[in-house]
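Single-structure report; data block below.
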Amino acid sequence: MPSTHAVAGLITRLHDPQYARWASQIRRTGGCRQPIHLRGHVHHIDPATGQRLHSYTTATEPDGILRVPCKTRRATRCPACAETYRADTYQLIRAGLVGGKGVPDSVTAHPCLFATLTAPSFGTVHTRREKNGTVLPCHARRDAATCPHGTVMSCTARHGADDPCLGEPLCPDCYDYAGSVLFNAMSPELWRRFTLALRRHVAKIGGLTLRELRDQVTISFAKVAEYQRRGVVHFHAVIRLDGPDGPTTTPPAWATADLLADAVRHAASAVAVATPAAAGEPARVLRWGTQLDTREITINGDLTEQAVAAYIAKYATKAAECVGTLDRRINPLDDLTAFDLRDHPRRLITECLRLGALDELADLRLIQWAHMLGFRGHFSTKSRRYSTTLGKLRAARATFIRGEAITTGRLPILDEDTALVISHWEYAGKGLSTGDALLVAALTGAPRTDPLPLSGGGS
Ligand SMILES: [Zn+2]
Ligand SMILES: [Zn+2]
Ligand SMILES: [Zn+2]
């Protein structure tokens, strides 16, 4: 139930003489739950005469501010902006698979794989496995050992799909929490080393040096990080072979999908990254887990380009909160027992705070990234030549919105090259009042599923 305070706010807004203008601002944010407030002005000046051609100021806007979308990718913070991010990510992943947005259709003929690089085991966890539609016992062992903490290392339960214990260790005291958060912290570096090893290995199979390889083959990537239920990240990646100038050029005949799969397996097993010894902590060498999945992406096969693009886009809007941690930074002085956390994520966070305080591990910034269970990398990344960029998609949308603003008379049709644009903007806050939040939900409904039409065509 909305509070009386919220309802009073809603009624005031509805009676505001500037309501229509406010509603139009809100529609423009696409239903953003936490819009950014900007205060400022833009003047278009004729450089030859100094004449002011057009002025816009937020002084005449409702509340004297312009509301713009927060653009977060995280669905827990703003479903509407996360949906835009997801749709954009889908478009750019898909363009790299089937063409569009400046990538030629011929890219479909290039060898392309979907690879999943996992983390190693840090201890036995409750799992749900299915075989031919039947759920198997979690971890049934007839002669199960008893751990030093008195836990029998066996679980015969057939866990439900949303059983909260999934991903949690059979014995938390045996679980390698330090290894888990250090893996998260080092995984971006491990990924970087993997891509270098992959290039080296493809060159080696082709009998080329790395420099010679660059004249024949480009290896393009798009990847997302996904949290497994145990709170450790793994990566899903689209890996594609192109000719020397990226997707517009054909790779040589020797650079096949089989060769790529072989090189991916080799590179994943070859790379490692070390963490230094610190007080009470041994030095470690971290590697990818042995579970490595590579599948060829085809137009008609089991793994279609659409499924892959949808899959990657889905994970691009998720963060660690899906494993039960917090969606904001944690202060080392916070009382973790005061948060509604299960034991497993709380222990992972505690481990980040403990290791983060050690000088030798300070570079990993584990305290700042405790809420992400140690991972501080980007959620979705791609190599330069994979396809278009999120920035270009956003620019296309901005152009569309500008066009709309011009047709509604809010911006003059001026050539940016000839008019002098003087603008000044300042941050004036963020978010919605409780009354406004109710109205925004009513005005914009559920997060929209279609991105705004993009200029530039393509699929
Ligand atoms: Zn938003
Ligand atoms: Zn179990
Ligand atoms: Zn134990």
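Numerical summary
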{"quantity": "Subset of region 201-219 [touching a helix residue (DSSP H, G or I) at 6+ places or on another chain (Cβ under 7 Å) and either within 25 Å of Ser380 (Cβ to Cβ) or among the aliphatic types (A, V, I, L, M) (or both)]", "calculated": "His201, Val202, Ala203, Ile205, Leu210, Leu213, Val217, Ile219"}
{"quantity": "Conditions (1) under 26 Å from Thr325 (Cβ atoms); (2) surrounded by fewer than 17 Cβ atoms within 10 Å (Cβ to Cβ); (3) over 17 Å from the mean Cα position of the chain (by Cα); (4) not aliphatic (A, V, I, L, M); number of the one not met by Arg128", "calculated": "(2)"}
{"quantity": "Unmet criterion (only one of (1) at pLDDT 80 or above; (2) charged (D, E, K, R); (3) within 28 Å of Cys171 (Cα to Cα); (4) out of contact with any helix residue (DSSP H, G or I) (no Cβ under 8 Å at 6 or more places or on another chain)) for Asp340", "calculated": "(1)"}
{"quantity": "Of all residues in region 126-149 being within 19 Å of His344 (Cβ to Cβ) and within 16 Å of ligand 3 (Cβ to nearest atom), the one that is modelled with the lowest pLDDT", "calculated": "His139"}
{"quantity": "Single condition Asp105 does not satisfy, out of (1) over 30 Å from His41 (Cα atoms); (2) at pLDDT 90 or above; (3) away from ligand 2 (no atom under 16 Å from the Cβ); (4) surrounded by fewer than 20 Cβ atoms within 10 Å (Cβ to Cβ)", "calculated": "(2)"}
{"quantity": "Test: residue in region 15-25 that is within 16 Å of ligand 1 (Cβ to nearest atom), touching a residue at least 12 places away in the same chain (Cβ under 8 Å) and under 24 Å from Pro79 (Cβ atoms)", "calculated": "yes"}
{"quantity": "Residue match in region 7-28 (condition: away from ligand 2 (no atom under 16 Å from the Cβ), within 30 Å of Arg384 (Cβ to Cβ) and surrounded by 16 or more Cβ atoms within 10 Å (Cβ to Cβ))", "calculated": "no"}
{"quantity": "Residue identified as at positive phi and touching a Pro at 6+ places or on another chain (Cβ under 9 Å) among Gly50, Gly30", "calculated": "Gly30"}
{"quantity": "Residue check, Leu303 farther than 30 Å from Gln368 by Cα and of a type outside the set (S, T, N, Q)", "calculated": "yes"}
{"quantity": "Candidates Leu170, Leu117 - the one that is out of contact with any helix residue (DSSP H, G or I) (no Cβ under 8 Å at 6 or more places or on another chain) and surrounded by 20 or more Cβ atoms within 10 Å (Cβ to Cβ)", "calculated": "Leu170"}
{"quantity": "Matching entry among Arg211, Arg230 (being at pLDDT below 95, surrounded by 22 or more Cβ atoms within 10 Å (Cβ to Cβ) and outside any strand (DSSP E or B))", "calculated": "Arg230"}
{"quantity": "Residues of region 173-207 satisfying the condition of being crowded, with 16+ Cβ neighbours inside 10 Å and either assigned to a loop (DSSP other than H, G, I, E, B) or within 16 Å of ligand 3 (Cβ to nearest atom) (or both)", "calculated": "Tyr175, Asp176, Tyr177, Ala178, Gly179, Ser180, Gly206"}
{"quantity": "Members of region 131-151 found to be farther than 16 Å from Pro169 by Cα and surrounded by 10 or more Cβ atoms within 10 Å (Cβ to Cβ), listed by number", "calculated": "Val135, Leu136"}
{"quantity": "Scope region 133-148; condition in contact (Cβ under 8 Å) with a residue 12 or more places away in the chain and within 15 Å of ligand 2 (Cβ to nearest atom); matching residues", "calculated": "Val135, Leu136, Pro137, Cys138, His139, Ala140, Arg141, Cys147"}
{"quantity": "Matching option when the condition is under 29 Å from Phe194 (Cβ atoms) and touching a Pro at 6+ places or on another chain (Cβ under 9 Å), among Gln91, Gln25", "calculated": "Gln91"}
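The values are calculated or read from the model by the stated rules, or taken from the named source; none is laboratory data. Remember, predicted model here, so these are calculated numbers, not experimental data. All Cβ positions, glycine included, derive from the backbone under ideal geometry; neighbour counts span all protein chains shown.
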